[in-house]
1. Amide H to amide H, which residues 5 or more places from LYS355 or on other chains are under 5 Å from it, using H placed in the peptide plane?
2. Excluding ligands, DNA and RNA, what is the solvent-accessible area per residue of the chain at a probe of 1.4 Å, expressed in Å²?
3. Show which aspartates and glutamates lie in cross-link reach of LYS290 when reach means a straight Cα distance below 20 angstrom and same-chain residues fewer than eight apart are skipped.
4. Once the Cα atoms of helix 133-145 and of the chain are each reduced to a long axis, what angle between those two axes, in degrees from 0 to 90 to the nearest 10, is obtained?
5. What residue among LYS13, LYS137, LYS272 shows peak mean-square fluctuation when the chain is described by a Gaussian network model with Cα springs under 10 Å?
6. Probe radius 1.4 Å, ligands and nucleic acids left out: which of THR245, THR161 has the largest accessible area, and how do the rest follow?
7. Which whole-number percent of Cα pairs in region 238-308 have a distance greater than 21 Å?
8. Restricted to Cα positions, what overall size does region 189-313 have along the principal axes? Three whole-Å values, descending.
Amino acid sequence: MRKEEMFDTPKKKVSLDVTNLDNFAYDMSRCIKCKGCYWVEHTYMPGINFSVRCPSNLWNDFDTYGAFGKMRIGVAIQEGRFKWTDKLLEIIYADPLCGACDVGCKRNLDLEIELTLEALRIKAVKDGAGPMPAHKKVAKNITTKHNHFGSAHESRKKWVTTDIKVANKADVLYFVGCSSSYINQDIARATAKILNVSGTDFMTMQDEWCCGNTIYSVGMIEEAKELAKRNIEAVKASGAKVLLTSCAECYRMWKVDYPKMLNIATTDLGFKVVHLIEFADEAIKNGSLKPKKPVDVRFTYHDACSVSRLCDPWTPWNGERGWMGMVSPPLKRRRGQQGLYFQARNILNAIPGTKFVEMPRIRENALCCGAGRGTKEAFPELASFSAKQRIEEVKYVSAEVLVSACPWCKTNFNQAIKENGDSIKVMDISEFILSSLEL
Ligand code: SF4
Ligand code: SF4
């Protein structure tokens, strides 16, 4: 090809809009099956143990379940050569959308794997095939009771005990989330007490509804968008400057997926989205939180996907793709490098008396607990399998306590530990911080 021909390659309009699978035709068709999405880079690993990053493909050891398999299926669906079948739906939905493949792929090729997997589910729903029956049940719960579980809406604030001070009006709005409102109430109470001890006034929503994580994640984009608009309006009406979450999934929804659905940047939300990890890291640094009580345990930390590789802020992008797949204007890729890795470790290292040991797979390479994004509801055996794989890693470093920063991780790990008959204790980072505070 002559030089002038190279630069004359017709340009194609493209964007990051996940409602149109055509935007990811290039990403799907350029997968070279290198398996960077399956293996953790060997330079980081002590050996073959714990060297896989993809829970879906580890659970079902057939290439179809890896990102590389799904990219090939995606091409066939986009070109109209495959029709949806029960098996295809299983392949697309037996997947916690953990993002480990995305950051692995972007070390080499810059393909948008996570967005493609989301776009495939949105197409499955648009085509009338998805989501799975278990997901439809969650969607119904959200419509009728405004929470994931179908619990009584009027019980949502029952986690608030008399020793917790909630302001009527404050700059900080604590968005509690469904899991901590109904199932993991200790996390909500620990978060509230940390805010109280630090002297930070906070309010909660007058009428909090689900963040919509599951319905967004399974491709029900229209329903999720309505929920996003409703929730954003509620925060704006409250006058809050900071939206604080203790749930990793809520955090990713507010910070990344709401802006993505509404085609705005995270910075355009009109308020700041903060996870408790960020708040506590800052509060320890400025002295408003003083973890003084020794906590005598050997523990390890699990980087929950949605406060790590999935939480780089969102910026809309529209442009063109031309010669050799190059895009213009330049696209700042989301590589999972803005996760709350150091902030979490700053906090954990500030707690006296503990022995902190890291697992082999950490930060962007952490193995997902397997519960998220509709997996536990539709494929509980995959969620349990992935959690047990991670528990093996906890045992490998001989930790007594496993700390995470997501209530869904806590539930899933606890169930796996119970099934195994193990004695590892699971604590949320909020509970771990609280145990070191003098109240
Ligand atoms: S890392 Fe990317 S290019 Fe390599 S096999 Fe996985 S999806 Fe394909
Ligand atoms: S999102 Fe996670 S589980 Fe799904 S293909 Fe990628 S690495 Fe595997």
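1. Residues meeting the amide H criterion: VAL297, ARG298, PHE299.
2. 41 Å²
3. ASP163, ASP201, GLU278, ASP281, GLU282, ASP428, GLU431, GLU438
4. 50 degrees
5. Top of the fluctuation ranking is LYS13.
6. Per-residue accessible area, sorted high to low, gives THR161, THR245.
7. Values: 982 of 2485 pairs.
Tail fraction, whole percent: 40.
8. Over region 189-313, Cα extents along the principal axes are 49, 32, 24 Å.
The values are calculated or read from the model by the stated rules, or taken from the named source; none is laboratory data. Since this is a predicted model, take the numbers as computed values, not measurements. No Cβ is skipped: glycine too gets one built from the backbone with ideal geometry, and neighbour counts run over all protein chains shown. These accessible areas exclude ligands, DNA and RNA; they are computed on the full protein's heavy atoms, side chains included. Shrake-Rupley method; radii C 1.70, N 1.55, O 1.52, S 1.80 Å.
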